[in-house]
Amino acid sequence: MTTRTKCPKCGYERTTEDDETTPPEQCPSCGVIYEKFAHPSVGRPKARLTNRTASGLAPFTMLNLGLSVAGAALLALGAFLPVFSFGPMSITYFKGGDGDGVFIVIAAAVILIGALAKQRRIVGYAGIASIALIIFGIYHLSSKLNEGKAEMAKELEGNPFAGLAMSVSESASMEWGWAVMIVGALLATTGAFISEKWLKERYGS
């Protein structure tokens with residue numbers, strides 16, 4: 001006795017005549033493929049399992065949070081530390097709210113907010129922006145120092161006290177506040193882009 005195939009969708013039972021006109025895996029009545037209707041996953045590519053979030057970025061872990069918060073703290077702290085000294089006088093990058101250090105403090109606040117919200121892009125962009133601000137600040141200040149020393153040497157040419165004046169001008173120097181801000185900016189940027197998966201793949205568990 002021949003067993004007739006019954007369509008799981010429309011219930012049609014195929015006959016021997018149907019075999020002449022329709023492939024054995026397809027219903028002659030509704031055209032459905034038996035196997036695909038019975039098992040919808042057949043023929044579909046399997047979803048690739050990843051450790052990515054809906055945004056396509058790796059999850060923001062405690063490692064990212066710790067690095068970002070520490071970076072924001074050092075960045076803000078550095079803005080209030082000496083970045084330039086001239087003899088006993090020292091100047092911070094913040095300068096009481098009038099200097100470019102204000103933007104560094106704002107960047108630190110944005111990094112902190114982004115870290116608490118677990119937003120990699122916000123932390124990363126603010127970290128990169130702070131690095132650019134610091135580099136610009138160092139370049140600008142060093143250029144001003146060199147220009148000032150060159151002008152002073154030109155004005156004091158032939159002056160018997162030129163040597164003494166130049167020795168005093170040589171006491172002008174960059175201070176360690178820059179280093180603290182650089183470390184903070186690098187920590188925050190690292191916190192934005194590093195992932196635990198990358199660390200495990202590179203250095204093992």
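Quick notes
- Only one entry of S55, S41 meets the criterion of being modelled with pLDDT under 80, closer than 30 Å to S130 by Cα and not in a helix (DSSP H, G or I), and that entry is S55.
- So A126, is it surrounded by 20 or more Cβ atoms within 10 Å (Cβ to Cβ), modelled with pLDDT of 95 or more and more than 23 Å from S195 (Cα to Cα): no
- Test for I113: is it assigned to a helix (DSSP H, G or I), surrounded by fewer than 22 Cβ atoms within 10 Å (Cβ to Cβ) and assigned by TED's automatic domain parsing to the domain that holds G148: yes
- Pair list, Cβ < 7 Å and 6+ apart or interchain, from segment 134-148 residues that are in contact (Cβ under 8 Å) with a residue 24 or more places away in the chain and surrounded by 10 or more Cβ atoms within 10 Å (Cβ to Cβ) to residues that are acidic (D, E) and not in a helix (DSSP H, G or I): G137/D100
- The combined condition, being farther than 30 Å from A126 by Cα, surrounded by 13 or more Cβ atoms within 10 Å (Cβ to Cβ), small (G, A, S) and at pLDDT 80 or above, is not fulfilled by S68.
- Odd one out for S85, checked against (1) in a strand (DSSP E or B); (2) surrounded by 18 or more Cβ atoms within 10 Å (Cβ to Cβ): (2)
The values are calculated or read from the model by the stated rules, or taken from the named source; none is laboratory data. Source: prediction; values computed, not measured. Positions of Cβ are generated from backbone atoms using ideal geometry, with glycine treated the same way; all protein chains shown enter the neighbour counts.
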